[in-house]
Amino acid sequence: PAKPPSARVLIALPDAPSVIKEQILNNLRRKLLEAGHPVHIQWFNWQDRILRSVPNHSCDVILLMPAAEELHYSDMLRLKSFNVPILFLDIAPAAKFTANFIHSDNVQGGAMAAMHLAKLGHKRLAIFAGEPNINAPKDRISGFVRQCELLKLPKPEVFDCGTRSGEIAAGKTFDFANKLIKSGMLDFSAAFCVSDNTALGLLHALYAAGIKVPEEISVMGFDGIQDGAFYNPPLCTLAQNFDAFSENALTFISES
């Protein structure tokens, strides 16, 4: 059969540091190049919510990771003015906007984390919210809490580490967990962290306090960052399927 035509793909991402964003980008770029699609990467200011212009050379498709979940009508109008099919990455725009998007089922992911810890015999669970208060971590918390209810487990306590946009989740979680440890408030046997970065901050605080993981407290993250396997102990995490993420993006490109 004839080889499908290639599409010039622009991947646009905010410039705030993020290990997961880099992992999504690397997987996407590799899959697109393997499929024969020329790829251009454009970084934009994370405070702008979206990219404000496209590069001088033309593109056939834009894969966009916005810097904010709450997009405005003016944002959507600007994107529409590019006159190019757009796929939103790792975010679902508000229902009032008609848009194509890909993101993980974070509610189900949170539920899976609760089931895993429950199968290990844990009943006293806690949640560390080390990421900014946006939809993905909130959905993970919601799924985790709801699954605990279904399993007839005590309601887990949610610790908000106070991370704001642009701040590093691991550092904020480390500082928060240090204070928690010194106050003697570690009344749980396992902690679910809304991201791997949050989990690494908690792991470091527990290590610094001489608390053994997983012998004394189990820690579980969410995302599946590659570096997590090289920590001591290796990070227990619920990994997102970035291959499926990229395959869905390829399907969108072929149908656009």
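The values are calculated or read from the model by the stated rules, or taken from the named source; none is laboratory data. Model, not experiment: these values are computed from the prediction. Positions of Cβ are generated from backbone atoms using ideal geometry, with glycine treated the same way; all protein chains shown enter the neighbour counts. SASA here: full protein model, heavy atoms, side chains in, ligands and nucleic acids out. Shrake-Rupley method; radii C 1.70, N 1.55, O 1.52, S 1.80 Å.
Among the residues of segment 221-243 satisfying the criterion of being of a type in the set (S, T, N, Q) and either crowded, with 20+ Cβ neighbours inside 10 Å or within 15 Å of the chain's Cα centre (by Cα) (or both), which is modelled with the lowest pLDDT?
Going through segment 221-243, the residues of a type in the set (S, T, N, Q) turn out to be 226, 232, 237, 240-241.
Filter again for either crowded, with 20+ Cβ neighbours inside 10 Å or within 15 Å of the chain's Cα centre (by Cα) (or both), leaving 226, 237, 240-241.
Details: Gln226: 88, Thr237: 96, Gln240: 92, Asn241: 91.
Only one residue tops the list, namely Gln226.
With the condition being surrounded by fewer than 17 Cβ atoms within 10 Å (Cβ to Cβ) and touching a residue at least 24 places away in the same chain (Cβ under 8 Å), I'd like the strands (runs of 3 or more DSSP E) fully within segment 61-128 carrying at least 2 qualifying residues.
Numbers: elements: 61-64, 86-89, 100-102.
Where strands (runs of 3 or more DSSP E) fall fully within segment 61-128, none carries at least 2 residues being surrounded by fewer than 17 Cβ atoms within 10 Å (Cβ to Cβ) and touching a residue at least 24 places away in the same chain (Cβ under 8 Å).
Can you find, within segment 189-207, the residue that is nearest to Ala229 (Cα to Cα) among those that are in contact with an Asp or Glu (Cβ under 7 Å, 6 or more places away or on another chain) and not hydroxyl-bearing (Ser, Thr, Tyr)? Even if it seems obvious, please write down each step before you answer.
Just the residues of segment 189-207 that are in contact with an Asp or Glu (Cβ under 7 Å, 6 or more places away or on another chain), to begin with: 194-196, 198.
Still in the running and not hydroxyl-bearing (Ser, Thr, Tyr): 194, 196.
Values: Val194: 17, Asp196: 11 Å.
My answer is Asp196.
Restricting segment 165-189 to residues that are part of a loop (DSSP other than H, G, I, E, B) and within 12 Å of Gly201 (Cβ to Cβ), which is least open to solvent (accessible area, probe 1.4 Å)? Give the steps one after another, and end with the answer.
Going through segment 165-189, the residues part of a loop (DSSP other than H, G, I, E, B) turn out to be 165-168, 183-189.
Filter once more, so that each one left must be within 12 Å of Gly201 (Cβ to Cβ): 167-168.
Working: Glu167: 80, Ile168: 99 Å².
Among those that are part of a loop (DSSP other than H, G, I, E, B) and within 12 Å of Gly201 (Cβ to Cβ), it is Glu167.
Looking at the structure I just gave you, is Ala208 in contact with a helix residue (DSSP H, G or I) (Cβ under 8 Å, 6 or more places away or on another chain), open to solvent by 60 Å² or more (accessible area, probe 1.4 Å) and farther than 22 Å from Ala114 by Cβ?
Values: in contact with a helix residue (DSSP H, G or I) (Cβ under 8 Å, 6 or more places away or on another chain): yes; open to solvent by 60 Å² or more (accessible area, probe 1.4 Å): yes; farther than 22 Å from Ala114 by Cβ: yes.
For Ala208, the condition - in contact with a helix residue (DSSP H, G or I) (Cβ under 8 Å, 6 or more places away or on another chain), open to solvent by 60 Å² or more (accessible area, probe 1.4 Å) and farther than 22 Å from Ala114 by Cβ - is met.
Spot the failing condition for Pro233; the list is (1) touching a residue at least 60 places away in the same chain (Cβ under 8 Å); (2) outside any helix (DSSP H, G or I); (3) not aromatic (Phe, Trp, Tyr), and only one is missed.
It fails just one condition, (1).
Could you list, in sequence order, all residues of segment 1-41 that are more than 20 Å from the chain's Cα centre (by Cα) and in a loop (DSSP other than H, G, I, E, B)?
Pro1, Ala2, Lys3, Pro4, Pro5, Ser6, Ala7, Arg8, Ala35, Gly36, His37, Pro38
Using beta carbons and a limit of 7 Å, which pairs, at least six apart or on different chains, have the first residue in segment 15-41 and β-branched (Val, Ile, Thr) and the second one assigned to a helix (DSSP H, G or I) and open to solvent by 60 Å² or more (accessible area, probe 1.4 Å)?
Val39/Arg29; Val39/Leu33
Which residues, taken from segment 129-164, are more than 19 Å from Leu200 (Cα to Cα) and open to solvent by less than 50 Å² (accessible area, probe 1.4 Å)?
Gly143, Phe144, Val145, Gln147, Cys148, Leu153, Pro156
What are the residue pairs meeting all of these: first residue in segment 138-166, first residue over 13 Å from Cys193 (Cα atoms) and touching a residue at least 24 places away in the same chain (Cβ under 8 Å), second residue part of a loop (DSSP other than H, G, I, E, B) and of a type in the set (Lys, Arg), Cβ atoms under 6 Å, and 6 or more apart or on different chains?
If the second residue must be part of a loop (DSSP other than H, G, I, E, B) and of a type in the set (Lys, Arg), the pairs left are Leu153/Lys123.
Would you point out which residue out of Ser254, Ser218, Ser246 is open to solvent by 30 Å² or more (accessible area, probe 1.4 Å) and not charged (D, E, K, R)? Break it down stepwise before answering.
Numbers: Ser218 fails: open to solvent by 30 Å² or more (accessible area, probe 1.4 Å); Ser246 fails: open to solvent by 30 Å² or more (accessible area, probe 1.4 Å).
Among Ser254, Ser218, Ser246, only Ser254 is open to solvent by 30 Å² or more (accessible area, probe 1.4 Å) and not charged (D, E, K, R).
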